Every structure is written in structure tokens, then in C-alpha cells.
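Data first, discussion second: the structure below is written as C-alpha cells.
The values are calculated or read from the model by the stated rules, or taken from the named source; none is laboratory data. These numbers were taken from a predicted model, which means no experiment stands behind them. Positions of Cβ are backbone-derived with ideal geometry, glycine not excepted, and every protein chain shown enters the neighbour counts.
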Protein chains: 2
Amino acid sequence: MPMAASLHTNFLQNPNRHLNNPTTQNNVFPVTSIRTIKNTPIRPVSIKCAAPTTTQIQDRFSGQAQSQDRVFNFAAGPATLPENVLLRAQSELYNWRGCGMSVMEMSHRGKEFLSIIQKAEADLRALLEIPPEYAVLFLQGGATTQFAALPLNLCNQDDPVDYVVTGSWGDKAFKEAQKYCKPNVIWSGKSEKYTKIPSFDGLEQNPQARYLHICANETIHGVEFKDYPTPKNPNGVLVADMSSNFCSKPVDVSKFGVIYAGAQKNVGPSGVTIVIIRKDLIGNAQDVTPLMLDYKIQAENNSLYNTPPCYCIYMCGLVFEDLLDQGGLKEVEKKNKKKAEILYNAIDASNGFYRCPVEKSVRSLMNVPFTLEKSELEADFIKEAAKEKMLQLKGHRSVGGMRASIYNAMPLAGVETLVAFMKDFQARHA
Amino acid sequence: MPMAASLHTNFLQNPNRHLNNPTTQNNVFPVTSIRTIKNTPIRPVSIKCAAPTTTQIQDRFSGQAQSQDRVFNFAAGPATLPENVLLRAQSELYNWRGCGMSVMEMSHRGKEFLSIIQKAEADLRALLEIPPEYAVLFLQGGATTQFAALPLNLCNQDDPVDYVVTGSWGDKAFKEAQKYCKPNVIWSGKSEKYTKIPSFDGLEQNPQARYLHICANETIHGVEFKDYPTPKNPNGVLVADMSSNFCSKPVDVSKFGVIYAGAQKNVGPSGVTIVIIRKDLIGNAQDVTPLMLDYKIQAENNSLYNTPPCYCIYMCGLVFEDLLDQGGLKEVEKKNKKKAEILYNAIDASNGFYRCPVEKSVRSLMNVPFTLEKSELEADFIKEAAKEKMLQLKGHRSVGGMRASIYNAMPLAGVETLVAFMKDFQARHA
């Protein structure tokens, strides 16, 4: 067997291998690991190419050109994904592991897709150490759909529930719940422009509240819970929207009745919403609940009551595998803390040139909003950063300024490049 | 510039080209067209490969191996997709047209994704000649979510609506509507095992019905409307679930108030549901309607109220482009008719060895259910077909037997191979 063919065979036999090599994280392709399979260093080879192979080679050249053009994408979601996950998805898009189909073409009831969704769930359970008394659901419609599904499933129309509102998303969740139960805002950070998290002791919880709702990380305002309040009602539960910090750090799932998250920040593309729910909370949906929003229907059918968003679930599965390969969420959190520290330090050390409005103790590891003292320079900042291939740094339209979203998949190099640019920009404009 | 590099440049400059060449439809890669660019036939070349290129070549070898293994996938949905669309998606998965991001990573409010969703809508409008007074929505949750959204948006709780039930999906739609209005089944094919479509003259429509609901093609039972009934109520509208025959033939959209379809049969992967709705029907949702099921919210925000299923929409866009390149839905219908004719003829000419229970005039062009006279041979049939790389031929669990779903993307060769196998199987077992 010629050397190239032999290598190829090895790659096919162990397509996971490059996911296990942390050194390849920011590479275009795991050249190093491939080149040393079986301790056989590979040298450049001459290959006599037949016509079809010619076109194939050309296609791969395009891959190389692309990798040089990859940007640092600071978007708040959909957001940057791990390069190795994208490359793996690309390599198996047309034919998933030799089954002769794309994942996009598979029957959701076939053995191939069942293996994909079951592995995704198992890996997520491992990552978050989800107790067996919790169900994991892969749903559609984003967190906004859950804003309705939660009260529809957990309450009767007259039940009181408590909302702590630390930003726009918590506020939206509260407003939607008004259709289905009696929600009450027991704390709002609005008057302080959503820069704080309340002290839990001071919360005036309704002792009858069926649940206490928080948004664990406010994507727009960059405010993150570092610890979690306990419901005053011993029969009540804590419910958290974790869309923008899901799987960014370890979480004690047993403290929650429900955790829900749109995937498109930390764990996949848009189109799938993950719900982790304690099983005893399932089965009491209001009569007006659409079938697809009824957790009982979804749980009894393992998220397969109708056709789920198969490809999105597959992508989440690849990300979960990658997070496990990195050493799990403790390791991921370390990286996230380091990235955030570098960025917040740069802001705080700028003598007020850059400003982050959020109270230091609750600053988000994921979404870093900041403004310029000279706000008239903000448009230039964003424009010049884009020229340096740092995109999507504009703050949400409701708050202005800048925002750098530095989710799991944002490499350290991206934050370092941003900080270097910030210092240079300041030197030129201070 | 060496020849290979020159070709590569051409490919990058016009990545759409292979989509325009109908001769490449069933090829793995448009080798023919690439090989004759500028009338310069390409010969095999020797390429001196540096190390990274070595790995890239190996990766493409895997592509070649995969193509040889591609199966004929007769699944009812998710279902086979056009090979050229898959290959194009693969080529630009990692970096969409040089923007430095995957489509999966793009902000849904950025100019790149907006261009994708706008082109998808424009191409769909061109395909179906959708009048300007209709909105096109890209939603989540499958047709099952629309079973609730329709009555929630079109009716008050006391409004009567009519359902013609020609199979399981129409029945499910009816049952869900019971939560939100007063639906009535004015015709059901259940007693005849869903093998017929009623005569429209005999339908006892409620003259007050807000809408008349049909399932244009019943995926499980293989029954398809060839024409459409007119609502008796002059202010009522016709509503159709077209999930399994969407974009398989021309449709006069102006006859309908609402057309809706899960994408995962004819136009894309699962995870996106397309709703085409006359704009004057929008804006009257019941109070209990979840935000995400309110057509007004979705229409006012161009399907971007929250993050849409971006990658699924992108894939649909590629399929729409491919359908236009094929000459539009009239041409697509011709191909579908030919495929269906070959298959039904083989069944009808088998002297009863194979049987299709559906009345001939309403047999589906998309889903062909059939049984064996000797039903004890059905398991062997499915098993032997799978050995010949024809998969997912088992009938739905509720009806048994076999079912061949032959959507737009099923090549003629797939049907021909199936028919040849059927004849051979019959010869061996008659």
C-alpha cells in the first residue's frame, strides 16, 4: 500500500483522533498528528493524479485558501464554532462515516441518527454530570419558545411565579409568562441599566411561587450569575435560561428544576434548544399547550415525536465530544476565565479610555460589553477592527457601544489579538 | 499559472457553475464540466505535494471512497438531497464564499446571512410564482407546530373549521385544532384505509368555516390531491399541509390562504418549516398564542424575531437554486411523473405479486406504498434491497408493507434500480 493510501486508511479508521489533540485546536487541520501516525514522519510525496483526483485536489486547495482567511468572529450568537468541529463536519457532510448518506438525509428513526442523538445526550450528561432523574430534550424554537413552554408546563393559570430580571432576556421571559400564569418581577436591574445581580437574601420571593426564574447570563448586558438563589417555596424550583453560558463552566444541575438553552452560542448552530428538566415536573401541561411545547410528549418520545432538527443535534454532538476531549467543563472554564481576564484587564487598565459598565463581581465570562470614553470613536473602532478580521464587535442596538462575545470556541488568540488592537487604537486616539 | 491552479481559480470564481449543468446531477462531482473549461481538456497531472497538501489529498480520497458508497435512500423524510447541493454545501461549510466563517457561525442579523435568507425567499417565490400579497415565513417546529399555529392565528375559539382527512397527518392536524377552535371532519378516508380522495362536490362544508384544511399529500398512505377544493364560505380560505409534496410540481398559490411544509422531504434538512400565508390573514392571533407561533410577530420581523434555523434555511436556499437551475417546477414535475410512472407500472404489471392499495387517480408522485401478495416475503425484500444499497423501504409502522419515497432528489437511476430489483425478486419468488 502506498504511504498516502495507508495514511488515509488510518484517518478513516479513527476520524476522532484529531479531536483528541488539544494542540490542533487552532490549526486548520491536524497536520502534526496525522504526520506522526505510528511514529512514521511523513515527507512530501509525489502523487500521480488521475483526472478525478485532479479536481479533488483543487477542491482542497480552496480549503487551504479559506483557512488563511478565517476571521475572529465576536458575534453574540450564532457564534464562532470550534475549527476542528467544522472541519470534521465538512469531512463527513457528504457521507457520514461510510453509511452512504449525509446526516441531513437520514431518517430520524434510523439506527444511524439514533446513535447520533443518543451519543449527543450521553456526552452532554457526562459534561454537566446530569443526574438520572433529569430528562434531556432537544427541541426547536429557541429560548423564546421556552418562555411560553415553561409556564404552560409548570403552572396553572392562577399560579404565582417569580422572575428576577437582570437584562432584556429575563424581561422577555417574564412578559411571555403573563399569558399563562401570574408572574411577578421580584427584582429588576433596569433602573441601573442591567449592570448588577441582586443579593439573594434581599429577594422578596413569593412563598407560593411555582418557580423562580433567572437568566443565568444576559447576552446583551454581560451580567452573569456566579451563584444561584434558592426558591423560598420548598415545592418550587429554580428555572434558568442558560442560552449564552451553557456548557461554559460546571453547573450543579441538581439545584435547578429546569435549565434551557438555545444552542447557537456555545454548543452548536441555531435551530436546536436544549431543555434539561427534572422528570417529576413533567406531565402537567395546561390544556392550551401546543403538542410540540408539551414536555411530556417530547420526553416520552425522546425528542422524536416529530422530526427533530437532526443536523443541528449532530453538530451539538460534535461540540460536546470536543468539550469532553478538552478535559470537560472545568478545563473549559479555566480557558474562559483566562480569556475574560485578559479582556477585562485591558479595559480596566485603559485609564477610562475603555469602560465596562458591569459590576466587577458579576461580569460575564461570555459577553463583554464596553464603551469608549470618546463615544464618537466607536464607529472607527468597529470599522478598523473589521479590517483586522475581528468581526461583530458592535454592541446590541439597544445598548450601543461594543460587545465582544468570547464563547468557548473563541480561541485565546482571538482575545489576544483584540486586546493588542485595543491598545494600539488607544495609543493612536488617547 | 499552472493548469491545476488556473482551474481552481475558475472553480472558485464560479462555484455555481456545476449547479447549472443538468448532466452533472447524478455525478459525484462535475468532473466533465470542470475538465472542459475553456475548451481545454485536462489530462492527469503530476503534482509535487508539500506536507499539508498531502493530508488534504488524503481527505479527498476519502471523498472519492464515499461517493462510490452512496446509497439510494428511499426514506420518507428526512430524505435524500441532491448530490450537487450536498457537495456544494460541503465545499463551503468551513468558509462561506470567502467571508471567513461557516454559515453556522454567522450572526442572523449580519449582511451575509441576510443575503442568504433573502435569496432563499426570492428563489422560492420564483419557483412557486408566489404573489406579492403572500408572506413567506421560515419557522421552526415542523408541521406539527403549525397544526396548533393555524387555528391559533386564523380562528377564535368558537369558530367552526372544516378538515378533510385523507390520512394520518390530516387526522393529527384535526385533533390538535380541537384545542383552539371547533373543527369538524367533513370527510374521512379512514374506513377505506386512507386510499382515496373525496369528490369535492359531495363535501358537506360548513358555510361558516373559517378555513378548509387538507393534507395535499399523505406521506404514510401515499394519497395525493391532484386538484383542490374551494371553500364554501366566501370569506373562508383553503389551508394545505404540503410537507411531502412541496415544490414537487407547480401549484397555484392564489387558491390557498395558507400553505405550510416541513422542509425535510423535498427542499432541505429537518429543522425549518415554511409557511406561505396571504397577508390579510395575519394579525388576529388568539391571546394564548405563544409569541413564536404568532404569524404577525414572524412576518413583521421577516422570520428573524429570534434566531432562525440559519443553516437549514441556507440548505433550502441551495435546493431552491438547484430546482430553478433544473428549469423550475414544471420540469421537476415531469421528472417526478416519469419516476412514479415507472414504479407504479412495475407494481401494476406484476400480476398481483406487488400491490399498491391507493386508488389510481390519486396515487402520490412522492410516496409509493406497496405490499407483497406473499406478505411473509416482505422482510426478505427489505433486507435484500438494503444489500443492494436501497435503504429505508420499510413501510410506516402503522401500515406495514413497503414504501418508496421518491422525492425530487431521488434520481431516476434510483427508481430504475429499484424496479430492476423488484422484477428480479419476483422472478425468484413468484
Seminar exercise, completed: In the set A:Ser254, A:Ser270, A:Ser248, A:Ser199, the lone residue that is part of a helix (DSSP H, G or I), among the polar types (S, T, N, Q) and either under 21 Å from A:Leu81 (Cα atoms) or more than 14 Å from chain B (Cβ to nearest Cβ) (or both) is A:Ser254
Exercise. Mind checking whether some residue in the stretch A:146-158 is more than 10 Å from chain B (Cβ to nearest Cβ), under 20 Å from A:Val399 (Cα atoms) and modelled with pLDDT of 95 or more?
Worked result: no
Exercise. Which members of the stretch B:398-430 meet the condition of being among the charged types (D, E, K, R) and within 19 Å of B:Arg355 (Cβ to Cβ)?
Worked result: B:Arg403, B:Lys423, B:Asp424, B:Arg428
For this session: Collect the residues in the stretch A:336-362 that are under 23 Å from the mean Cα position of the chain (by Cα) and under 19 Å from A:Glu378 (Cα atoms), keeping them in residue-number order.
Result: A:Leu343, A:Tyr344, A:Cys356, A:Val358
Exercise. If a residue has to be assigned to a helix (DSSP H, G or I) and within 12 Å of chain B (Cβ to nearest Cβ) to count, how many in the stretch A:118-145 make the cut?
Worked result: 4
For this session: Would you point out which residue out of B:Ala346, B:Ala299 is in contact (Cβ under 8 Å) with a residue 12 or more places away in the chain and within 30 Å of A:Gln146 (Cα to Cα)?
Result: B:Ala299
Exercise. Of the residues that make up the stretch B:375-392, is at least one within 30 Å of B:Asp227 (Cα to Cα) and either of a type outside the set (Val, Ile, Thr) or without any contact (Cβ under 8 Å) to a residue 40 or more places away in the chain (or both)?
Worked result: yes
For this session: Determine whether the stretch B:373-391 contains at least one residue that is within 14 Å of chain A (Cβ to nearest Cβ), part of a loop (DSSP other than H, G, I, E, B) and within 29 Å of A:Gly98 (Cα to Cα).
Result: yes
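Please determine, by comparing only the residues of the stretch B:273-294 that are among the aliphatic types (A, V, I, L, M) and in a helix (DSSP H, G or I), which one is farthest from the other protein chains (Cβ to nearest Cβ).
Narrowing the stretch B:273-294 to residues among the aliphatic types (A, V, I, L, M): B:274-277, B:281-282, B:285, B:288, B:291-293.
This time we only want the ones that are in a helix (DSSP H, G or I), so: B:281, B:291-293.
Numbers: B:Leu281: 19, B:Leu291: 6, B:Met292: 5, B:Leu293: 7 Å.
My answer is B:Leu281.
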For this session: Could you list, in sequence order, all residues of the stretch A:208-223 that are crowded, with 24+ Cβ neighbours inside 10 Å and not polar (S, T, N, Q)?
Result: A:Ala209, A:Arg210, A:Tyr211, A:Leu212, A:His213, A:Ile214, A:Cys215, A:Ala216, A:Glu218, A:His221, A:Gly222, A:Val223
For this session: Can you confirm whether the stretch B:358-369 contains a residue that is farther than 21 Å from B:Pro78 by Cβ, surrounded by 18 or more Cβ atoms within 10 Å (Cβ to Cβ), touching a Ser or Thr at 6+ places or on another chain (Cβ under 7 Å) and touching a residue at least 40 places away in the same chain (Cβ under 8 Å)?
Result: yes
Problem set entry | Residue match in the stretch A:156-165 (condition: in a helix (DSSP H, G or I) and among the acidic types (Asp, Glu)) | no
Exercise. Of all helices (runs of 4 or more DSSP H) completely enclosed by the stretch B:295-359, which ones contain at least 1 residues that are closer than 18 Å to B:Ile276 by Cα and within 14 Å of another protein chain (Cβ to nearest Cβ)?
Worked result: B:295-300, B:310-325
Problem set entry | Residue among A:Gly167, A:Gly189 that is among the small types (Gly, Ala, Ser) and out of contact with any Lys or Arg (no Cβ under 7 Å at 6 or more places or on another chain) | A:Gly167
Exercise. Could you say which residue among B:Lys196, B:Lys175, B:Lys182 is out of contact with any strand residue (DSSP E or B) (no Cβ under 8 Å at 6 or more places or on another chain) and at pLDDT 95 or above?
Worked result: B:Lys175
Problem set entry | Candidates A:Lys182, A:Lys119, filtered to the one that is of a type outside the set (A, V, I, L, M) and free of Cβ contacts under 8 Å to residues at least 40 places away in the same chain | A:Lys182
Problem set entry | Some residue of the stretch A:87-98 being surrounded by fewer than 22 Cβ atoms within 10 Å (Cβ to Cβ), away from chain B (no Cβ under 12 Å), out of contact with any strand residue (DSSP E or B) (no Cβ under 9 Å at 6 or more places or on another chain) and farther than 30 Å from A:Thr195 by Cβ | no
Problem set entry | Tally, over the stretch A:376-395, of residues that are surrounded by fewer than 17 Cβ atoms within 10 Å (Cβ to Cβ) and either modelled with pLDDT under 95 or among the basic types (Lys, Arg) (or both) | 3
For this session: Just name the residue that is nearest to B:His221 (Cα to Cα) out of those in the stretch B:382-406 that are out of contact with any His (no Cβ under 8 Å at 6 or more places or on another chain) and charged (D, E, K, R).
Result: B:Arg397
Exercise. Do we have any residue at all in the stretch A:396-413 that's surrounded by 15 or more Cβ atoms within 10 Å (Cβ to Cβ) and modelled with pLDDT under 95?
Worked result: yes
Exercise. Does B:Ala413 satisfy being without any contact (Cβ under 8 Å) to a residue 40 or more places away in the chain and either more than 28 Å from B:Pro198 (Cα to Cα) or not β-branched (Val, Ile, Thr) (or both)?
Worked result: no
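Here is a yes/no grid of residues against (1) surrounded by 24 or more Cβ atoms within 10 Å (Cβ to Cβ); (2) among the β-branched types (Val, Ile, Thr); (3) touching a residue at least 60 places away in the same chain (Cβ under 8 Å):
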{"position": "A:Asn206", "(1), (2), (3)": "no, no, no"}
{"position": "A:Pro229", "(1), (2), (3)": "no, no, yes"}
{"position": "A:Asn233", "(1), (2), (3)": "no, no, no"}
{"position": "A:Leu238", "(1), (2), (3)": "no, no, no"}
{"position": "A:Asp241", "(1), (2), (3)": "yes, no, yes"}
{"position": "A:Gln264", "(1), (2), (3)": "yes, no, yes"}
{"position": "A:Gly271", "(1), (2), (3)": "yes, no, yes"}
{"position": "A:Ala285", "(1), (2), (3)": "no, no, yes"}
{"position": "A:Met292", "(1), (2), (3)": "yes, no, yes"}
Exercise. Quick one: how many residues across the stretch B:260-295 are touching a helix residue (DSSP H, G or I) at 6+ places or on another chain (Cβ under 8 Å) and among the charged types (D, E, K, R)?
Worked result: 2
Seminar exercise, completed: Among residues of the stretch A:148-181 being over 24 Å from the mean Cα position of the chain (by Cα) and charged (D, E, K, R), the residue nearest to A:Asp280 (Cα to Cα) is A:Asp159
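Out of everything in the stretch A:166-185 that is farther than 19 Å from A:Ile220 by Cβ and not small (Gly, Ala, Ser), what residue ends up being surrounded by the fewest Cβ atoms within 10 Å (Cβ to Cβ)?
If we take residues in the stretch A:166-185 being farther than 19 Å from A:Ile220 by Cβ and not small (Gly, Ala, Ser), then A:Gln178 is surrounded by the fewest Cβ atoms within 10 Å (Cβ to Cβ).
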